[in-house]
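Report on the structure given below.
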Amino acid sequence: MDNLALMGGWALIAVAASLIAKAAGIDWLVFVASVVGIVPLAALIGEATEDLAVKLGPRVGGFLNATFANLPEVIISAFLILGGEIEVVKLAITGAIIGNLLLVLGASLLLGGLKYSEQTFNAKVAGMHTVSLVLAVVGLIMPTLFHSAAPNAPLRAGETVSVGVASTLMLVYLCSLLFSFKTHRDVLGIPVTGMQPRWSPAFATFLLAAAAGATALLSDFLVSSLQPAVDTLGLSKPFVGLILVPVVGNAAEHAGAIRLALRDQMDVAIEIAVGSSTQIALFVAPFLVFFSLVVGKPLNFFFSGFEIAAVGFSTAIVALISRDGRSDWLEGAQLLAAYAIIALSFFFIPG
Amino acid sequence: MDNLALMGGWALIAVAASLIAKAAGIDWLVFVASVVGIVPLAALIGEATEDLAVKLGPRVGGFLNATFANLPEVIISAFLILGGEIEVVKLAITGAIIGNLLLVLGASLLLGGLKYSEQTFNAKVAGMHTVSLVLAVVGLIMPTLFHSAAPNAPLRAGETVSVGVASTLMLVYLCSLLFSFKTHRDVLGIPVTGMQPRWSPAFATFLLAAAAGATALLSDFLVSSLQPAVDTLGLSKPFVGLILVPVVGNAAEHAGAIRLALRDQMDVAIEIAVGSSTQIALFVAPFLVFFSLVVGKPLNFFFSGFEIAAVGFSTAIVALISRDGRSDWLEGAQLLAAYAIIALSFFFIPG
Amino acid sequence: MDNLALMGGWALIAVAASLIAKAAGIDWLVFVASVVGIVPLAALIGEATEDLAVKLGPRVGGFLNATFANLPEVIISAFLILGGEIEVVKLAITGAIIGNLLLVLGASLLLGGLKYSEQTFNAKVAGMHTVSLVLAVVGLIMPTLFHSAAPNAPLRAGETVSVGVASTLMLVYLCSLLFSFKTHRDVLGIPVTGMQPRWSPAFATFLLAAAAGATALLSDFLVSSLQPAVDTLGLSKPFVGLILVPVVGNAAEHAGAIRLALRDQMDVAIEIAVGSSTQIALFVAPFLVFFSLVVGKPLNFFFSGFEIAAVGFSTAIVALISRDGRSDWLEGAQLLAAYAIIALSFFFIPG
């Protein structure tokens, strides 16, 4: 309950600050307040979802958890699309994937590994996610190669390829849900946290709706103040898209995964970090493609070599590290180093 | 025997139809009849080879089986080279590799996995093939990078590199035959089907020769009617090369692998799918390079980024899926999704 | 002792020959004599280091061994930087990595595997190195993509990225030393050779210093005679950088790894081959970046697609081959084939 008060208070102050800054016309402050405010709201969305999931039982609850876990990213990205910031959305997708794979998982393995000499986890689950991620990389690279092989192809053809790829990835996502929660539940041994719901379903639903609504408001502010804030604060848009937005949207998961690693519950920690990446690649990104077409600001699947390499190498490192079902602090440090190298290169790209 | 009658009848009708269409000058019908006719002929080549292989014992027979399994692809590709359709040949090589790795293996794992919750196979054999495939990818990418790094290099230098790479790959192929059938037969445990030869060696040899001859005839027709048929039917050459030719040449293997997967004989199914890809990469492709030089229509080893990415990612996914020696339906679905994404992108590339 | 006399005599003759050729102004002979002379000097550096390492105990000695093992490469590369041959240095780094991974390891597995049907080694150690190598590939590719994404970025930005990447890689190197020699010594089971030191510490130190000094002299000669020698002997600089320099600098390690493989001590053989590559990628290359800035001839981390592909695929093949902790002769042949394909492509690139 303390946590709820803390998060709620933090969020309310940030919303208030962003409204005042908006009224005062101080764009960079609107931006900062929005960014700061999304952190606790994302945490609240996560907690309310989990609470509902516990009540709904492992199957429906697991599905709910898996589908709503990245709601903050979906909301922010949707507003970025509405604001026409297509390149930033692509970077935010890339950044959410590598942030989960390298930063969240890396910090979990490093800190968990400093406490326990060796930690074990279900290599089968990690392997399933890895294959899905390779598939996502194929989905990123093929339309891009199509684009470079046929730069003069009619725009419609490119869009058709993007929609086809998005549909295929989403189908794989549905298959993997079916696999995890229906046909192979026992094999995978979906981790059960054994926790009790803290709130009534009605209150949890209200909390979820309120937090999502406030996230939408702050996302709108974030997008409208993006350009002036970037100019004033000397940030580059690639940095905002790749690093800032994903870190803000994942801060709560980040903290949760580390907490679980410190309690040696590696299966849940890996599910949060790697599972979340898979979900973004196979569900959130395709969803945004469809959404973008509906609102008439098409998001295609043509990614830069940078973005493809970042996702591809993150996947390769995680595949190598997770194949033996054991982890240690050095593997965590290696993941963090990969993140540092990628972030560093992006940081210096002129905006 | 029924099977022989069915396949033989089907083939004869197709040959007759293609001859009539040829005489009538209806190019697209020549094309369609050739494509349709190659399917049963490829099946007959496969059955006659297997029959001879059983009689010749595991070593010589295994060698025979491994070398003649892709005879239909060799014949079609040889005629494509003679017809100057070098780009289509490259796509057909690429398509045969990814068709076996993704479509044939994917369908086998999916259908086998829907029947059995989990299937097991020899991870060691799959691993050996995977390394060979990575080698093939290196063989594809290095001359291509040479080409882009030194676009003005004399043509001879490029050809020398292609021949050198082809020779190296073929040497590795010979090594892997030596390994499989001589030095490490027991370790690998080459699967024995335990079947009896159905035909006399003389009849099997006759059948092999007749089917190969008819395949050559239809391949000649297919190549000469390719351009008009593409124009009339609204197909693109990339689609014909990457998808159509390999599917036609592999239809029988495809059916065979699925049948074996449904009987839970995964080792043979994987040998057909993955082993066939290795053979195309390390034996058929190098053979075609040599053949092309002899007939004076040089096939170099400069592939497009598309082709390299398709083979590279197919290899990566198969490597990940096969590393634990276990399979399930989701892995099959993931392989098929990768095929769908690649095929989709190619389908929309303008001809 | 015989070995010392042989190596010492060989080195002295080569130094004398290079001095005479220098005096006579015969550049290609200076080059050849330098190249020939570095081989025994590199061997002496290795032996003196090992001798000191034995005396200093496993921790400090292990650190010494790991840090000085590539001293010859460092000296040659430093002189190449001083001589402004930046592209050759990059190729020498690439060549040392792939030479160890493919040529040294390949020859060891092939020859060891011809004697023993199957050899085993610690898959955990190999896995640790593989992840480090993937990290190095990320470190190679990210600044290069930065460079191609922002070709007009100020030179300072590019240098900052290079320095940042180099620092990160070196940090990972320090972490892996800490891991190997401190926190997880028992898990990894660092192989102990159990040999006795042959020389007094004073003599070993003198030998190390003398051999290093002579290597520096010959490296200076090699670099100053490089351009005329390349012209006279019809070599290309890529060939000298990628193949010749690394083979010369690694000849002793090469022989050592094969000798160990023939005695079935695969853990030490792999440590020499794969560990050496990791060390070059994570320690030598970053060190050279810092050195190059100090001497005012900046070595950036922008590599060609060729170099990145060579290192990337070498890493992928080693990762696949080493994952099961078992090796056979075919795996050795596959590694050598990959080396042949890469070397062949480079050989024909016009200089």
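The values are calculated or read from the model by the stated rules, or taken from the named source; none is laboratory data. This structure is a prediction, so every number in the text was calculated from the model and none was measured. Note: ideal-geometry Cβ built from the backbone for every residue, glycine included; neighbour counts use all protein chains shown. Quick note on the areas: whole protein, heavy atoms, side chains included, nothing else; ligands and nucleic acids left out. Shrake-Rupley method; radii C 1.70, N 1.55, O 1.52, S 1.80 Å.
Numerical summary
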quantity	calculated
Failed item in (1) more than 16 Å from the chain's Cα centre (by Cα); (2) modelled with pLDDT of 90 or more, with A:Ser236 passing the rest	(2)
Candidate set: the stretch A:218-228, residues that are under 9 Å from A:Ser34 (Cβ atoms) and more than 19 Å from the chain's Cα centre (by Cα); chosen: the one most open to solvent (accessible area, probe 1.4 Å)	A:Phe221
Lone unmet requirement of (1) away from chain A (no Cβ under 14 Å); (2) closer than 25 Å to A:Leu174 by Cα for B:Phe301	(2)
C:Phe348 vs. criteria more than 20 Å from B:Ala319 (Cβ to Cβ) and without any contact (Cβ under 8 Å) to a residue 12 or more places away in the chain	yes
Out of A:Asp231, A:Asp267, sole residue that is free of Cβ contacts under 8 Å to residues at least 12 places away in the same chain, part of a helix (DSSP H, G or I) and open to solvent by 20 Å² or more (accessible area, probe 1.4 Å)	A:Asp231
Residue selected from the stretch B:304-325 under the condition among the hydrophobic types (A, V, I, L, M, F, W, C) and within 7 Å of chain A (Cβ to nearest Cβ), by the criterion surrounded by the fewest Cβ atoms within 10 Å (Cβ to Cβ)	B:Leu320
Only listed residue being closer than 30 Å to C:Gln265 by Cα, open to solvent by less than 30 Å² (accessible area, probe 1.4 Å), among the small types (Gly, Ala, Ser) and modelled with pLDDT of 90 or more, chosen from C:Ala66, C:Ala126, C:Ala136, C:Ala96	C:Ala96
C:Glu331 vs. criteria farther than 30 Å from C:Thr160 by Cβ, at pLDDT 90 or above and charged (D, E, K, R)	yes
Residue within the stretch C:271-284 that is open to solvent by 30 Å² or more (accessible area, probe 1.4 Å) and touching a strand residue (DSSP E or B) at 6+ places or on another chain (Cβ under 6 Å) present	no
Residue match in the stretch A:80-96 (condition: basic (Lys, Arg) and under 24 Å from A:Leu222 (Cα atoms))	yes
Residue check, B:Ala281 at the interface with another protein chain (Cβ under 9 Å from one of its Cβ atoms) and part of a helix (DSSP H, G or I)	no
Odd one out for B:Ile26, checked against (1) within 22 Å of B:Lys237 (Cα to Cα); (2) in contact (Cβ under 8 Å) with a residue 60 or more places away in the chain	(2)
Residue selected from the stretch C:117-165 under the condition among the charged types (D, E, K, R) and not in a loop (DSSP other than H, G, I, E, B), by the criterion nearest to the other protein chains (Cβ to nearest Cβ)	C:Lys124
Hey, B:Val104 open to solvent by less than 10 Å² (accessible area, probe 1.4 Å) and over 18 Å from B:Ala269 (Cβ atoms) or not	no
So B:Asp328, is it of a type in the set (D, E, K, R), open to solvent by less than 30 Å² (accessible area, probe 1.4 Å), touching a residue at least 40 places away in the same chain (Cβ under 8 Å) and farther than 25 Å from A:Leu145 by Cα	yes
Condition met for C:Lys90 (surrounded by fewer than 21 Cβ atoms within 10 Å (Cβ to Cβ), out of contact with any Leu (no Cβ under 7 Å at 6 or more places or on another chain) and not small (Gly, Ala, Ser))	no
Boolean, A:Pro246 is assigned to a helix (DSSP H, G or I), surrounded by fewer than 19 Cβ atoms within 10 Å (Cβ to Cβ) and touching a residue at least 12 places away in the same chain (Cβ under 8 Å)	no
3 or more residues farther than 30 Å from C:Pro197 by Cβ: qualifying helices (runs of 4 or more DSSP H) within the stretch C:1-71	C:2-24, C:27-56
Of residues in the stretch B:1-52 being open to solvent by 10 Å² or more (accessible area, probe 1.4 Å) and β-branched (Val, Ile, Thr), the one nearest to B:Leu208 (Cα to Cα)	B:Val39
Filter result for A:Ala252 (in contact with a Gly (Cβ under 7 Å, 6 or more places away or on another chain) and surrounded by fewer than 24 Cβ atoms within 10 Å (Cβ to Cβ))	yes
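Here is a yes/no grid of residues against (1) more than 27 Å from C:Val230 (Cβ to Cβ); (2) in contact with a strand residue (DSSP E or B) (Cβ under 9 Å, 6 or more places away or on another chain); (3) among the β-branched types (Val, Ile, Thr); (4) at the interface with chain B (Cβ under 10 Å from one of its Cβ atoms):
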site: C:Ala251; (1), (2), (3), (4): no, no, no, no
site: C:Gly256; (1), (2), (3), (4): yes, no, no, no
site: C:Phe287; (1), (2), (3), (4): no, no, no, no
site: C:Val295; (1), (2), (3), (4): no, no, yes, no
site: C:Gln334; (1), (2), (3), (4): yes, no, no, yes
site: C:Tyr339; (1), (2), (3), (4): no, no, no, yes
site: C:Phe346; (1), (2), (3), (4): no, no, no, yes
